[in-house]
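Data first, discussion second: the structure below is written as structure tokens.
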Amino acid sequence: MVALAVAFGVPSFAQTDITDLLKLYKDASNDVSSLAYAYMKPFGEEFGKTLNTGWYTSAKPHKLGGFDITFSATAIPISSSMKEYNAADILKSSSVLRVKAGDSPLAPTAVGDDKVGPSLEFKNGMDTGVKLPQGANIPVLPMVNYNVGIGLPFHTDVTFRYIPNIKINDDGKFGLWGFGIRNEFKEFIPVFKLLPFNVSAFFGMTKYKLSWDMQGNSFADNTYKDQELSTNATSYTTRLLVSKSIPILTVYGGLGYNSNSSTYALKGHYKYNNIPINGGNDPFNLDYTSSGFVFNAGLRVKLAVFMLFGDYTYAGTSMYTAGFGFTFR
């Protein structure tokens, strides 16, 4: 639950601070969107990758009627490149804003250091009175998952993960669902069938949604009651799985392709100095995508029906997963 608390807290913390940029929306909406995009980029691009972890601990599907229940936690260590961005580079082509003379152009991202960024000023030299937002100062991007797998005919099994909409401190809601399918196709190919290890194909998909009530924000237009932070992520993975089991121990791995997309949106009506921001429409709607090859390798220890497992995944970023579960057949 600590991991979940951090996963919830990053976007909500960031949104509270980043709304200060709305003061500049009327004069520099494109610049504000670009700065917000850079600020949330590590969360937007990297968090979705954690949704593609924890799916399997073997390439061998369950027998018909077999099942497992697993619980796992994944962490992406925050690298130095994720912690900051260069605001001056982003504003280089701006005709309105620039980093205030004398300030460092390096600003923390949402997962960066807990310190405010440089001040902004208009290119006519007038101070905007706005500093770029501080970070949440967290060491890792975390996610927890649980799966239920069920064996089907033809060397196939399916896996499900589901968390219904859960209230968070009366201000937010979180939900997640996903499914995966694994098939040991080598059993249908005479030559492959002789291989002394398991080989399967796997496909998985996960959808994640977090919404956070922003009606108490200082920029909220109280005439309306529609302000919220909305974070959505969808992740897909396809992999070739290989594993080898000896008594108690299973070595497993996968090689394939990940695709992730996420949206970070500030929805509803907001105003500044009694002037509607963005004509009363959603001020921020930031879209992120990331894709590429993925590789993972891990170990599982099984004692009767109880198991412990851990693996390393590389998908452009290093990820570490550990968990436990129960398996039968």
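Listed values, structure above:
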read-out: Expected 222 nm ellipticity per residue - DSSP helices of 4 or more, -39500 (n - 2.57), all of the chain, to 500; value: -5000 deg cm²/dmol
read-out: Modelled FRET efficiency - R0 45 Å, Asn222 with Ser291, Cβ distances, 0.05 increments; value: 0.60
read-out: Cα-based reach from Lys26 at 14 Å (exclusive), listing aspartates and glutamates while leaving out same-chain residues under 8 positions away; value: Asp282
read-out: With Cα atoms, 0 to 90° folded angle of helix 2-18 axis to the chain main axis; value: 20
read-out: FRET efficiency for Asp20 and Ser318, using Cβ-Cβ distance with R0 set to 45 Å, rounded to 0.05; value: 0.85
read-out: Nearest 10 degrees, 0 to 90: helix 25-50 Cα axis against the chain principal axis; value: 20
read-out: Met126-Arg329 pseudo-label distance in nm [points 7 Å out on the Cα-to-Cβ vector]; value: 7.5
read-out: Theoretical gain in end-to-end length, Phe185 to Lys207 [0.36 nm per residue, Cα-Cα removed]; value: 5.2 nm
read-out: Projected label distance in nm at Ser119 and Ala101, using a 7 Å step from Cα toward the beta-carbon; value: 1.3
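Bear in mind that the values in this text are calculations on the coordinates, not laboratory data. Predicted model, so just to flag it, every value in this text is computed and none were measured. Here the Cβ is made from the backbone with ideal geometry for all residues, glycine too, and neighbour counts use every protein chain on show.
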